[in-house]
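Below: the structure, in structure tokens.
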Amino acid sequence: MTRSDLVEELASRFSQLTHRDAEFAVKTILDAMSNALVRGHRIEIRGFGSFSINRRPPRMGRNPRSGESVQIPEKRVPHFKPGKALREAVDRRTAELGVQEKT
């Protein structure tokens with residue numbers, strides 16, 4: 001599902017929302033979540049999951065072309081941990097639909 005799919009779904013479920021209003025709502029929510037993560041806050045949505053920031057320490061890597069060692073700096077990356085309700089719902093629904101895993 002893409003951002004535009006989410007806007008379409010929101011606009012179709014709530015007929016009082018125009019497409020533009022739905023787009024603004026999705027943008028506002030995603031911007032608020034991004035800003036919270038930038039400030040180092042954890043986001044928890046009960047029944048769905050939580051978003052947090054993980055620290056990747058600096059390390060030595062290797063340039064695949066030249067083979068030379070390269071210093072890779074520390075990074076902070078977003079991390080999503082699905083909630084129990086989401087994990088169970090996905091497991092149950094995929095079993096009902098007979099969805100095969102991609103390999």
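The values are calculated or read from the model by the stated rules, or taken from the named source; none is laboratory data. Keep in mind the model is a prediction, meaning the values are calculated, not measured. Please note: Cβ atoms are built from the backbone with ideal geometry, for glycine as well, and neighbour counts cover all protein chains shown. Only protein heavy atoms, including side chains, enter the accessible area calculation; ligands, DNA and RNA are left aside. Shrake-Rupley method; radii C 1.70, N 1.55, O 1.52, S 1.80 Å.
Numbers below:
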quantity	calculated
Label-to-label distance, nm, for residues given as ARG59 and HIS79 (7 Å Cα→Cβ offset)	1.4
Listed residues SER34, GLN16, GLN71: farthest to the positive end of the dipole of the chain (Cβ charges)	GLN71
Among ARG42, ARG76, ARG59, residue whose mean-square fluctuation peaks in a GNM of the chain (springs only between Cα atoms under 10 Å)	ARG59
Most mobile listed residue (ARG65, ARG87, ARG39) in the chain, GNM with C-alpha springs under 10 Å	ARG65
Max mean-square fluctuation residue, GNM over the chain, Cα-Cα springs under 10 Å, options ASN63, ASN54, ASN35	ASN63
Carbon/sulfur fraction of accessible area - the stretch 9-93, other protein chains in place, 1.4 Å, %	54
Accessible-area order (highest first, 1.4 angstrom probe) of the listed residues SER34, SER69, SER52	SER69, SER34, SER52
Unit charges on C-beta of K, R, D, E only; dipole of the chain, Debye	600
Surface accessible to a 1.4 Å probe, per residue, for the residues of the stretch 38-103, Å²	92
GluC sites (Glu not before Pro) within the chain: DSSP coil, no more than 11 neighbouring Cβ in 10 Å	GLU68, GLU74, GLU101
